[in-house]
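Student: Please see the structure below; I have some questions.
Bear in mind these aren't lab numbers, they're just calculated from the coordinates by the rules spelled out. Keep in mind that this is a model prediction, so the values were computed, not measured. Backbone-built Cβ (ideal geometry, glycine too); neighbour counts: all protein chains shown.
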Amino acid sequence: MRLVTSLTNPSIKALRGLHERKYRRQSGLFLAEGLRIVTEAIELGWPPQTLIFLSGREEDAQLAPLIRKAEAGGADIIAVNEAVLAKISRKDNPQMVLASFVERWVDGSTAMAASKGCWIALDRVRDPGNLGTILRTADAAGASGVMLIGECCDAWSVESVRASMGAIFNIGLARFTEEEFLAARPNWKGRVIGTALPASVDYREAKWQAPLMLLMGNEQAGLTNALMASADELVRMPMLGRSDSLNLAVATGISLYEFLRHQADS
Ligand code: SAM
């Protein structure tokens, strides 16, 4: 354990860099913040690479065991002052603990071979808040993971990890180009249900059965024609007011819980 109070310290600079996609790509690391989330991550088998905490709090009842566990897992343990913590977190009221972790991807062919449960496939999701919220909802609904298709926002960004509320540590993430996804699609043994505004089937009438792949479209453009064609069924949620569509994360949540309802009934 060491104390660092300088913003120019190389370890601190590297951690601050994790706000930028370029540095996350180079290092393969991402940041997560908060005592609860970092504790859960360790419990789920994600040893932190670096653990940063507010100097003077090392004897706190919840922090002390966390520091011990992270140290046992080989983490670099750094005590910092409030100013350094705020710079790393980029928040006015930063959490007492931050940690960096090595990102993990599920192999695309493994994800496509799933034989139970549900995977959510997102076409070019752009908003990290939406992606994090979908990860959180997917975890809540017991889904196995999320497939990212095409140019998506970074799942490991601070915004996405924050919005996931730690679910990113409990949900598989796989990535595909659209071509890779379409080529691998025949390997998916279950049902594929796409959600799309032009669909004629009401989502409550769909054949929700496991293993399920739920296909969700881009925030602006919806699903590409090729992805729509790859679904076994396309469904829509009624739009009764003036809005022409639901938010992507909301539409994903409604669909997932409809799937769960059918699972409970069957
Ligand atoms: N202008 C886009 C379009 O034409 O599809 C709206 C995209 S919407 C914000 C993002 C995604 O959420 C859609 O591609 C679809 O997967 C899902 N979605 C949102 N509202 C929906 C609805 N009422 N019925 C079916 N899917 C919906």
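Student: Checking the cross-link filter: which lysines have an alpha carbon closer than 26 Å to that of residue 87, excluding same-chain neighbours under 8 positions apart?
Tutor: Partners found: 13, 22, 69.
Student: Shifting gears a bit: Any idea which of 222, 52, 31 is furthest toward the positive side of the dipole for the chain, if Lys and Arg beta-carbons carry +1 and Asp and Glu beta-carbons -1?
Tutor: 52
Student: Let me ask something else about it. Only helical DSSP H runs with n ≥ 4 go in: add -39500 (n - 2.57) per run for the chain, normalise by residue count and round the 222 nm mean residue ellipticity to 500 deg cm²/dmol.
Tutor: So the helix-based figure for the chain works out to -10500 deg cm²/dmol.
Student: Per residue, how big is the convex hull around the C-alpha atoms of the chain? Give it to me in cubic angstrom, could you? Show your work: numbers first, answer last.
Tutor: On the way: hull volume 38.3 nm³, N = 266.
Per-residue hull volume (Cα only) is 144 Å³.
Student: Using a 7 Å offset from the Cα along the Cα-to-Cβ direction at both residue 35 and residue 257, what is the distance between the two label points in nm, to one decimal?
Tutor: With each label point 7 Å from Cα toward Cβ, the separation is 3.1 nm.
Student: Cβ neighbours within 10 Å, averaged per peptide: list 94-106, 146-158, 78-90 in order, most packed at the top. Walk me through the numbers on the way to the answer.
Tutor: Details: 94-106: 19.8, 146-158: 21.7, 78-90: 18.2.
Sorting 94-106, 146-158, 78-90 by mean packing, highest first, produces 146-158, 94-106, 78-90.
Student: Evaluate the charge dipole of the chain about its Cα centre and quote only its size in Debye, nearest 20, assuming +1 on the Cβ of each Lys and Arg and -1 on the Cβ of each Asp and Glu.
Tutor: Numbers: 29 positive and 30 negative charges, 61 e Å.
The calculated dipole for the chain is roughly 300 debye.
Student: Another question, then. Through the Karplus equation 6.51 cos²θ - 1.76 cosθ + 1.60, θ set to phi - 60°, convert the phi angles of the range 170-182 into ³J(HN,Hα) values in whole Hz; use x for Gly and Pro.
Tutor: Values, residue by residue: 10, 10, x, 10, 10, 9, 9, 6, 5, 4, 4, 4, 5 Hz.
Student: Can you put 5, 195 in order of Cβ neighbours within 10 angstrom, beginning with the fewest?
Tutor: Starting with the residue having the fewest Cβ neighbours, the order is 5, 195.
Student: Kindly identify the range 108-265 as rounded, prolate or oblate by the Cα gyration tensor criterion: order the square roots of the eigenvalues as a ≥ b ≥ c, call it rounded if a/c is under 1.5, otherwise compare a/b with b/c, prolate if a/b is larger, else oblate.
Tutor: rounded
Student: Cα gyration tensor of the range 2-102, axes a ≥ b ≥ c as square roots of the eigenvalues: rounded (a/c below 1.5), prolate (a/b > b/c) or oblate?
Tutor: Numbers: a/c = 1.60, a/b = 1.14, b/c = 1.41.
Oblate, since a/c reaches 1.5 and b/c is not below a/b.
Student: Among residues other than residue 213 whose Cβ falls under 14 Å from its Cβ, what is the net charge (Lys/Arg +1, Asp/Glu -1)?
Tutor: On the way: positive: 116, 185, 189, 191, 207; negative: 123, 232, 233.
Its environment carries a net charge of +2.
Student: When the dipole is taken about the Cα centre of the range 2-102, and only Lys, Arg (+1) and Asp, Glu (-1) are charged at their Cβ, what size is it in debye, to the nearest 20?
Tutor: The dipole of the range 2-102 has a size of about 540 debye.
Student: If you build a Gaussian network model of the chain, linking Cα atoms that sit under 10 Å apart, which residue out of 166, 34, 217 swings the most?
Tutor: 34
Student: Can you list the residues, at least 5 places off or on another chain, whose amide H is less than 5 Å from the amide H of residue 172, using H built in the peptide plane?
Tutor: Correct list: 145, 146.
Student: Can you give the FRET efficiency to the nearest 0.05 for residue 250 and residue 23, using r as the Cβ-Cβ distance and R₀ = 25 Å? The partial results should precede the final answer.
Tutor: Values: r = 32 Å, r/R0 = 1.28.
After rounding, the FRET efficiency stands at 0.20.
Student: Let me ask another. Magnitude of the Cβ-charge dipole of the range 140-266, K/R +1 and D/E -1, about the Cα centre, nearest 20 debye? Write out the running numbers ahead of the final one.
Tutor: Working: 10 positive and 14 negative charges, 66 e Å.
Taking the Cα centre of the range 140-266 as origin, the dipole is about 320 debye.
Student: Compute the distance from the alpha-carbon center of the range 59-81 to that of the range 135-173, in whole Å.
Tutor: Answer, in whole Å: 26.
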